[in-house]
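Readers should treat all values here as calculations from the given coordinates under stated rules, not as data from a laboratory. No experiment lies behind these values; they were computed from the predicted model shown. Neighbour counts are summed over all protein chains in view; Cβ atoms, including those assigned to glycine, are modelled from backbone coordinates with ideal geometry.
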Amino acid sequence: MLFSLCQWSLVVGEATKPTRPRFPLAHYSLIQAAFSRSLRGFYCIKNFANFRAKKMGTTEQTDESVKTFYDDVCTTLNMDQIATEEAWHSYTSTKTNFTLEGDQRHWLCCALFVACRRLKEAGLDQIEGNGVSFMQLLKHCNISLMQFLEKAKKWAEMANVGAEFKDRLNRMERRFAVSMVIFKKYRLIFNDMFHKPEPSPTESQKGRPRKPKNTPCTPGQLFDFTWTLFISSKSEIPDILDDLVNSYHLLLVCCNFVYGNAVLADRRDLINPQFMGLPHNFLKEEYELPEEPPCILAELCRSHDGILHEADGIRSYWFNKLIDKQFELEVLRGNSPTEAGARCGLLEPTSFEANFKAVNKSYEDFVLSKSDFDERAFLSSEEEFTLEVGSPSKLFEVNDYVQNLRIPGMNSLAKMTPLTGHYLNKMESNQRVSPISTAIESVSKLQMMLRGRDSKPSAALIKIFEGCPSNPQAAIEARIASMGEQFIFAYTQQTREIPGSHIEFAKKRLQLGTTLFYMLLEVTTLDEQQKKGNDKISAVLENELCQKALFACCLEVVLFSYNSQRKFPWILEALELESYYFYKVIEVMVINTFDKMSRGTIKNLQFIEEQILESLVWKRSSPLWNEINKFIGVPLPTYEDVRLPDDDGIQTLLNPNTAHLGSPMRNLITTRPGQSLLTTSSGAKVSINITTVQGGDGQRYIPISVQSGGSVIIQGQSARDSLKPKVTGPLAMFLRKFYYLASTRLKALCKMLNLGEEDLKKIWTNLEYSITHHAHSLLRDRHLDQLIMCAIYVICKVTSQNREFRTIMHHYRDLPQSASHVYRKVLLRLREDGTEERGDLIVFYNHVYVVHMRPFSVKLSDSANTSSLLLSPLPTQKAAPMSPKVQINGYSKVYISALDKTSLIDSPVKAAGTLQYLFSRSPNDTLKQINKLVSSPVPVLGKRTISLDDAEANGTNLDVPPPKKPLAVVRKIQHILDDRLSRSQE
């Protein structure tokens with residue numbers, strides 16, 4: 001075991017070999033000298049050096065040559081002495097403790113970048129770092145951006161640079177992913193509006209040759225100018241640097257702005273004649289130029305998945321003010337805001353070149369002050385871009401769907417589907433989605449759901465408030481206002497991970513969250529009123545924790561919809577809310593908005609639920625421990641104790657005329673668990689309820705007893721009781737979800753490891769025992785996945801199977817929820833001074849897990865006698881964990897939902913004025929009426945549609961038959977029974 005631990009620790013520090021060949025350092029020195037003499041000589045020697053590097057391959061880099069190269073780089077970049085010494089010391093100390101494989105220049109680049117970002121220029125607080133260009137550092141160290149991001153993460157672990165540097169890397173990754181996604185979209189938008197740019201080989205390079213002044217710009221120059229204007233404008237609004245939704249709408253605003261300038265300049269040679277947003281008669285000679293620039297935001301939003309309301313807000317509140325300021329400071333040249341044709345004239349031959357230089361300089365200052373990635377690299381040729389950034393060549397294809405490319409930071413824009421939410425994949429199987437389309441869909445559906453509502457209680461909700469013994473409206477509004485202030489304060493604060501945002505963005509997010517809260521409060525209150533009457537409404541409306549959790553959940557939905565960088569659990573910290581209370585309202589949110597929210601939002605809520613169940617709820621301060629402490633001295637309920645009796649799905653029916661359990665009828669006749677049919681001596685069919693028990697082999701059996709005279713007695717129980725678990729209450733509901741999550745992840749990991757069914761049962765039994773008997777010792781401040789991997793290893797150990805810990809962790813990294821801190825930073829113990837001692841997963845297994853689990857685990861070994869030990873049943877795989885009603889399209893009020901469990905016992909109640917069709921139970925006329933409703937023409941947006949109630953009020957004959965009472969359950973099941981019996985006889 002100690003050998004495995006040492007071996008695994010070394011693997012963590014290993015680095016992959018670079019794919020790009022290196023050239024000798026002597027050639028690099030020649031290149032530097034040649035560059036100072038002649039640019040042409042530089043390219044000649046550089047090509048010769050690259051040729052020699054490819055021919056000779058990678059040569060061994062000595063310590064002396066590395067130091068020489070390092071000194072040359074620091075001299076070329078004018079690095080200060082403090083950063084130079086700190087970076088070299090970090091490099092040498094890390095190299096002593098770890099094996100730095102591959103090109104040493106790449107590791108030196110990481111060390112220099114960390115040293116530069118830790119320092120600040122004296123008296124220049126607005127500058128992050130020491131002013132050294134990040135892109136120049138990458139260029140001189142011969143490393144691409146994507147290679148750097150990969151190496152920098154490993155360097156952060158080995159050099160122990162701290163959380164602040166890791167946060168900077170994460171932000172850089174996200175900004176790169178956002179920029180790349182938007183640039184791909186920008187190419188499509190530009191080609192739709194203007195002629196396709198065809199730059200010459202040197203046109204998009206920074207050192208382009210001098211051209212005659214006052215010449216009209218070409219489509220290629222306009223392409224570069226529009227993109228540079230966009231990234232320069234984005235740099236002036238820190239709130240949206242890595243905000244995908246707002247950045248995309250700012251791009252649309254910039255394109256609209258440039259298009260308006262092109263029209264007023266009468267540059268028909270630039271504009272695409274096939275563009276759908278062309279002014280009327282624009283291509284004809286008699287066309288007269290307008291006095292004001294035309295606005296095509298509506299057309300751009302329609303054609304390229306934008307939201308007009310969002311784009312118009314960005315233009316009005318931010319972009320126009322920014323452009324006006326540039327004109328006032330004479331940074332941009334053209335018509336001033338007070339003249340006719342305001343904010344125009346940028347593309348005139350006399351001003352275009354100056355405007356282009358001004359925008360370039362503005363963005364250049366920003367890049368140097370932040371020492372960040374230069375987004376102008378996207379304007380380079382494909383070959384240059386691959387060298388600077390290292391992106392796949394597919395980036396340059398006109399294709400909006402990039403979610404399958406392995407690109408740093410892309411996971412923050414498009415999450416993987418959690419293991420418990422694979423039913424969502426089936427709903428998206430025929431859809432081609434991209435990060436932008438996913439984000440835009442989330443915002444569109446959120447706004448559509450809240451259309452016509454305000455951020456205050458509606459008239460219907462106020463009426464409910466007035467019906468309570470004590471009107472809770474004032475208390476609820478004061479509570480929401482107080483939490484809103486907390487949210488705005490936290491949203492606008494700058495933290496180590498997130499830069500502060502403008503208060504206007506915070507207010508907009510709060511308004512949407514508050515509107516969503518009052519909508520859900522109204523829906524849930526009406527639902528409780530129908531189920532339990534007015535007596536229980538007051539308890540719901542006076543529950544402060546419930547309202548606080550629901551409000552937090554609404555804000556989380558809004559933040560995710562706008563692709564905010566404030567990821568969960570940020571909202572819990574902002575509102576000072578425990579995750580245990582948040583988890584309780586997730587299902588309320590999903591059930592009431594499932595058909596109205598995007599699949600991405602549902603997926604995010606499921607990720608959050610898993611995140612809470614796996615670790616957040618097991619923190620030392622969690623209120624869950626108050627529920628667990630009620631079981632002091634006794635084990636926690638097992639899955640068998642909290643499972644619903646019908647979790648096993650469809651059970652086989654034992655026919656009383658069958659002599660033994662192996663009858664063929666067992667495979668032919670099925671019914672719901674807990675219910676059967678018997679035939680009396682008179683031939684009448686009688687519906688009964690039966691009780692099943694857990695057998696030693698994990699199967700369910702019907703208990704019977706034989707009386708004198710040969711009569712058989714089957715134990716029965718109430719149908720209502722058959723739908724209840726053995727243990728009820730909040731803890732039982734939590735454990736039911738927790739066990740299902742644990743079993744889902746365990747099955748997935750065991751499948752990757754090629755473990756058999758018998759091994760899976762033993763591992764689950766061992767895992768369940770660790771949860772029920774050692775929750776305080778093994779789960780407090782830890783992670784569910786840590787116990788799963790330990791349970792797999794210990795069972796493989798006692799059953800003599802060859803599964804090393806590093807093999808288990810290797811497959812674990814392929815799961816969608818995996819994270820390196822799960823197996824690298826495991827809590828070992830809490831010291832006396834209150835600090836935590838942490839180590840890797842193998843240390844935890846050796847010093848903590850085995851101490852508690854050894855006595856039980858050895859009972860599951862191959863040599864132990866397991867005849868007296870019953871293996872715990874695994875939770876069954878649910879087809880769809882959530883199955884609320886789903887709207888069949890966007891305009892018909894027709895919904896499909898699963899049949900309720902109690903519908904076979906009690907006839908479902910149909911609301912007044914609605915049509916309801918139950919398969920195999922309702923008359924065909926009802927289905928015809930529903931089909932007629934669905935087949936009606938699609939209503940025009942903005943027009944009022946006539947509902948069924950309106951039609952009845954106007955005297956319209958809908959020919960709706962009176963509702964018929966559904967057929968009895970006995971007749972339905974008997975039909976199924978007779979049909980299957982006749983088939984078996986055939």
(message) Let me check I have the definition right: for region 264-329, take the eigenvalues of the Cα gyration tensor, multiply each by 5, take square roots. What are those semi-axes in whole Å, largest first?
(response) 25, 18, 9
(message) Could you sort the peptides 519-527, 577-585 by per-residue average Cβ neighbour count (10 Å cutoff), highest mean leading?
(response) 577-585, 519-527
(message) Rounded, prolate or oblate for region 548-606? Axes are the square roots of the Cα gyration tensor eigenvalues, ordered a ≥ b ≥ c, and the cut-off for rounded is a/c under 1.5.
(response) oblate
(request) Any of Lys185/Lys361; Lys508/Lys619; Lys321/Lys507 with alpha carbons more than 31 Å apart? Name them for me. (result) Lys508/Lys619
(message) Which of rounded, prolate or oblate describes region 722-865 when judged by the alpha-carbon gyration tensor and an a/c cut-off of 1.5?
(response) rounded
(request) For region 542-621, calculate the relative contact order in percent as a whole number, restricting contacts to Cα pairs under 8 Å that are 6 or more residues apart. (result) 35 percent
(request) Compute the Cα gyration tensor for region 781-829, then decide on rounded, prolate or oblate, letting a ≥ b ≥ c be the square roots of its eigenvalues: rounded whenever a/c is under 1.5, prolate when a/b is larger than b/c in the other cases, and oblate in all that remain. (result) oblate
(request) Return the long-range amide H neighbours of Leu828 (sequence gap of 5 or more, or a different chain), with a cut-off of under 5 Å between placed amide H atoms. (result) Glu837, Arg838, Gly839
(request) May I ask which of Lys166/Lys751; Lys184/Lys751; Lys234/Lys584; Lys154/Lys567; Lys630/Lys724; Lys548/Lys603 have a Cα-Cα span longer than 30 Å here? (result) Lys166/Lys751; Lys184/Lys751; Lys234/Lys584
(request) Could you order peptides 767-775, 257-265, 621-629 by the average number of other Cβ atoms within 10 Å of their residues, highest first? (result) 257-265, 767-775, 621-629
(request) Determine the dipole magnitude for region 273-339: charges of +1 sit on the beta-carbon of Lys and Arg, -1 on that of Asp and Glu, nothing else is charged, the reference point is the Cα centre, and the result goes in debye to the nearest 20. (result) 260 debye
(request) Provide the packing ranking of 455-467, 357-369, i.e. peptides ordered by the mean count of other C-beta atoms within 10 Å per residue, highest first. (result) 357-369, 455-467
